[in-house]
Structures are given as C-alpha cells and as structure tokens.
1. Out of the residues in region 204-232 meeting the condition of being within 25 Å of the chain's Cα centre (by Cα) and crowded, with 19+ Cβ neighbours inside 10 Å, tell me which one is nearest to Thr190 (Cα to Cα).
2. Check whether at least one residue in region 45-58 is more than 19 Å from the chain's Cα centre (by Cα) and either of a type outside the set (Lys, Arg) or surrounded by 16 or more Cβ atoms within 10 Å (Cβ to Cβ) (or both), and report yes or no.
3. Here are some conditions: (1) among the hydrophobic types (A, V, I, L, M, F, W, C); (2) without any contact (Cβ under 8 Å) to a residue 60 or more places away in the chain; (3) out of contact with any Lys or Arg (no Cβ under 6 Å at 6 or more places or on another chain). Val403 meets all but one. Which one does it not meet?
4. Is at least one residue of region 299-315 among the hydrophobic types (A, V, I, L, M, F, W, C) and within 19 Å of Asp196 (Cα to Cα)?
5. Which numbered condition trips up Pro200, out of (1) open to solvent by less than 30 Å² (accessible area, probe 1.4 Å); (2) part of a helix (DSSP H, G or I); (3) not β-branched (Val, Ile, Thr)?
6. Scanning for something modelled with pLDDT under 80 and more than 30 Å from Pro320 (Cβ to Cβ), does region 59-68 turn up at least one residue?
7. The conditions are (1) open to solvent by less than 20 Å² (accessible area, probe 1.4 Å); (2) in contact (Cβ under 8 Å) with a residue 60 or more places away in the chain; (3) among the β-branched types (Val, Ile, Thr), and Ile65 fails exactly one of them. Which is it?
Amino acid sequence: MSACCQVPSAHPLVAVTGLLLSLSACTSAETPPRAAPPSEPEPDRALVAWADSVCTQVASLDGLITEAGKEIEPYHVSSVVGEALATLSELDPSGIASADAYVEALTGRLERLRDDLPDDGEGSAASRVGEKLTDLGPQEPELVALTETTPELAVSVHLAPGCSPLHPPPSMSTEATRALMEWANTMCVTLTTLTDQPAPIDPLFEDSRFAQFEPYHLASYLDEVRGVVTHVRESVAAMAETGLDVADSYRAELLTALGQAVEDLPGDHGPFHYHDLPAAEVREEAKRAHGVVEELAQRPAPSDVARRHPGLAAAHDLAPRCQPSAPPSPDPLPAAKDGTNVAACADGRCQIEISDPVDVTVAGARFTVAVSEGRLWLAQDSGFIQLRGPGTARFGHSGGTTVFSVVASDDTTAVVDVTTE
C-alpha cells in the first residue's frame with residue numbers, strides 16, 4: 001500500500017471509515033476513469049439520398065469512360081454529362097465539407113468537359129471525346145476514398161441503393177441492411193410508378209379545345225401501359241431475397257399480381273391499331289386497363305409492411321424513394337409575377353398561375369393551358385403536351401418558339417414561365 005493509503009490508529013469504526021475513504025481517494029488518484037466507447041455513426045436519410053444521387057451519376061460517368069476506347073458519339077456524352085450536371089446542381093449540401101468539396105470539384109470538371117465536347121462524332125471527333133473522358137478519370141475510386149476518412153458519410157454510402165457496397169462494410173448503428181434498403185426502395189418506386197399513372201379519361205377532354213386530342217392520348221396510353229407494368233415487374237423480379245419472411249412474402253405476392261396484370265392488359269398492338277377502332281370502344285378499353293393498374297396500386301403499401309419488422313422499418317425510413325414516417329408539409333407555391341393575368345404574355349414573356357383551362361396568346365400564337373391531377377396541359381393547333389412536375393415544353397410557330405417552363409406545381413395549380421425564342 002502506498003503512503004497515501006495508510007490510516008492512523010483510531011477508533012475501529014473511524015479507522016475503517018477512514019480506510020475506505022482513503023482507498024476511494026487513492027483509487028481515483030491513481031486510476032483515471034475509463035473513457036466511454038465511441039458511438040457508432042448512424043445513417044442519415046438526407047445523406048443517404050445525397051449519396052444515392054451522387055453514386056448514380058458517378059456510375060453513369062464511369063460507364064462513359066469504359067466506352068471511351070470504342071466509337072462514342074459526342075451527343076451521347078453530352079446527354080450523360082448534362083444529366084449529371086443537372087442532378088448535382090439540385091443537390092442540397094451534405095453538410096460534410098469534404099463531400100461538398102468533391103461535388104463542387106466534379107461539377108467544375110464536368111462543365112469544362114461539356115464546353116470542350118466537339119459538335120459531331122465523325123472521325124477524329126469521336127477520338128477527342130475519348131481523350132476528354134480519359135482526362136476526367138474514374139470517379140468511383142475517388143468517392144470510395146472519401147468515405148475512408150469520413151465515417152458519417154461511409155454508413156450512408158454503404159446503404160444507398162445507387163452506391164456499390166463498401167468492403168469491408170462500415171460499423172453503424174442501425175437495423176437497416178443493404179438488402180432491406182433495396183427492398184424498401186424498389187417497393188416504394190413500384191408503388192409510386194403505379195399510383196402516378198394518370199387516369200386516361202379526364203374531364204378536360206370534354207372541353208372542345210382539348211377534345212380533338214383525346215383519341216391520340218388514349219391510343220398512347222394503351223400502347224404504353226403494358227410496358228410500364230412489365231418494367232415494374234422486371235425490377236421487382238431482379239431483387240434478391242432478403243431472408244426476412246415478411247418482406248419476401250410481400251415481394252412474391254406482388255410478383256404474382258404483376259404477372260397477372262401484364263396478361264390482363266392490352267397486347268402490344270402499336271398506337272395506330274387504336275386509331276381504326278370506334279372512339280367508344282377505345283374509351284372502354286382504356287378504362288379497363290386503368291382499372292387493372294388501380295387494382296395493383298391498392299395493394300398494402302410498403303410502409304404498412306415495413307412496420308412489421310424493426311429492420312424493415314429503419315430501411316423504409318432511410319430509403320431515398322420512400323416517404324419518411326412524417327413527411328414534411330409541401331411548400332406553398334410561389335406567387336407568379338403576373339398572377340393570373342394571361343394578357344401579360346402577349347409580348348412573349350410572362351410568369352403566370354394556371355389552374356382551369358385558359359387561352360394564352362404569346363407573340364401572336366394562341367395556346368390553351370390547364371392543370372389536371374398535377375399535370376400541366378398545353379395545346380396549340382395540332383400540338384399537345386402534358387408535363388408533370390418541373391419540365392419544359394416547346395412549340396414552334398410562325399412567330400418563333402414559345403417555351404413553357406413549370407416553376408412549381410401541385411395537384412390543381414402550376415406557376416409557369418413563358419418565353420419566346
């Protein structure tokens with residue numbers, strides 16, 4: 001015993017008490033308290049979505065580099081690079097300095113690549129495109145290297161469905177796994193795809209200004225709907241089993257229902273097949289087809305299934321294509337600069353709010369514009385376009401080209417920029 005632990009003789013009770021106090025003091029002086037083990041990083045929904053977007057674009061860019069040794073068309077490169085730039089520009093900052101610096105640097109390199117691309121793919125032009133892509137270099141190794149020094153990023157990258165899994169997997173505090181994340185993301189995409197299919201019969205077609213476009217719209221719907229459901233079925237079939245009965249049973253039942261729906265939907269006739277049929281017959285066929293899709297969409301939602309298992313629930317709350325348990329309230333639409341005053345568009349430039357059908361004259365050309373079920377309808381002479389969410393439509397006419405760009409929209413209203421080129 002060290003000197004500091006010796007207790008002078010005294011009454012036995014006092015001596016024992018003093019000894020205990022001295023031992024306690026001596027222990028605290030000689031043995032520092034053990035540090036608590038560091039907590040494992042938790043994945044973050046926003047960061048998983050960030051990683052998913054970045055990884056998806058990185059994979060597309062690295063695919064271009066793989067093609068660089070072959071004949072590669074500049075327009076194809078331009079399209080992929082343009083999509084990557086658009087996605088990266090819309091990303092919210094991750095809040096991790098090194099990750100945001102990577103995106104900023106990649107954006108700069110892609111902008112230079114876009115500006116240096118030749119105009120055509122003939123001869124040496126294709127070769128120069130290959131050289132530019134080689135200069136860009138593979139991006140996935142850079143992203144993986146970034147995760148090695150950023151544990152809070154690594155867990156989200158590892159779980160993001162669009163990213164390759166990290167080896168070895170990072171330590172993390174969650175019951176979600178890669179397999180469960182893939183299940184949740186794919187099932188939520190499936191539900192969104194099915195519920196977003198518009199009803200082919202819309203009251204707006206009763207408006208004489210849109211009525212002439214109904215036969216083409218119905219023919220297009222009937223030609224495409226089988227392909228949509230087939231694509232969804234292929235995505236679900238390509239998933240690996242999770243090993244979790246509640247998830248795998250749901251997938252198996254959905255696959256059976258999707259397979260039956262493909263059989264029940266119209267065959268691959270081509271759109272011109274329906275132009276030769278009576279309008280009433282085409283309408284009934286479109287209603288029947290939409291009923292098949294609606295029945296699929298009314299199956300139990302992935303969120304309901306996810307609640308039956310904690311790991312599945314955690315994956316659902318993290319998956320980029322799923323709605324979180326408490327989705328944020330949608331932001332109100334911005335005020336249109338010209339309100340509902342469509343007359344402001346006469347000079348070829350305006351920003352207006354659209355809801356019910358209205359005629360808009362732009363630089364001498366007249367258009368009919370409306371919103372139904374979250375889609376902006378645009379009609380002019382023989383041209384008809386529908387837009388859902390942010391998007392742009394162009395109409396050429398004798399006065400030039402009129403461009404309609406959706407600034408923001410909800411189910412019944414859209415704020416639209418109108419310009420003339």
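The values are calculated or read from the model by the stated rules, or taken from the named source; none is laboratory data. This is a predicted model, so every value here is computed, not measured. Ideal geometry is used to build each Cβ from the backbone, glycine not excepted, and the neighbour counts take in all protein chains shown. Side chains are part of the model used for accessible areas, which takes the heavy atoms of the whole protein and leaves out ligands, DNA and RNA. Shrake-Rupley method; radii C 1.70, N 1.55, O 1.52, S 1.80 Å.
1. Per the criteria, the residue is Val232.
2. No, region 45-58 has no match at all.
3. Looking at each condition in turn, Val403 falls short on (3).
4. Step one: of region 299-315, the residues among the hydrophobic types (A, V, I, L, M, F, W, C) are 301, 305-306, 312-315.
Then drop every residue that is not within 19 Å of Asp196 (Cα to Cα), which leaves 301.
Looking for residues that are among the hydrophobic types (A, V, I, L, M, F, W, C) and within 19 Å of Asp196 (Cα to Cα), one finds at least one in region 299-315, hence yes.
5. So Pro200 meets the others, but not (2).
6. Within region 59-68 (the criterion being modelled with pLDDT under 80 and more than 30 Å from Pro320 (Cβ to Cβ)), the answer is no, since none of the residues qualifies.
7. (1)
Quick grid of which residues meet (1) modelled with pLDDT under 95; (2) of a type in the set (Ser, Thr, Tyr); (3) open to solvent by 10 Å² or more (accessible area, probe 1.4 Å):
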{"site": "Ala319", "(1), (2), (3)": "no, no, no"}
{"site": "Asn341", "(1), (2), (3)": "no, no, yes"}
{"site": "Ala344", "(1), (2), (3)": "no, no, yes"}
{"site": "Val360", "(1), (2), (3)": "no, no, no"}
{"site": "Gly396", "(1), (2), (3)": "yes, no, yes"}
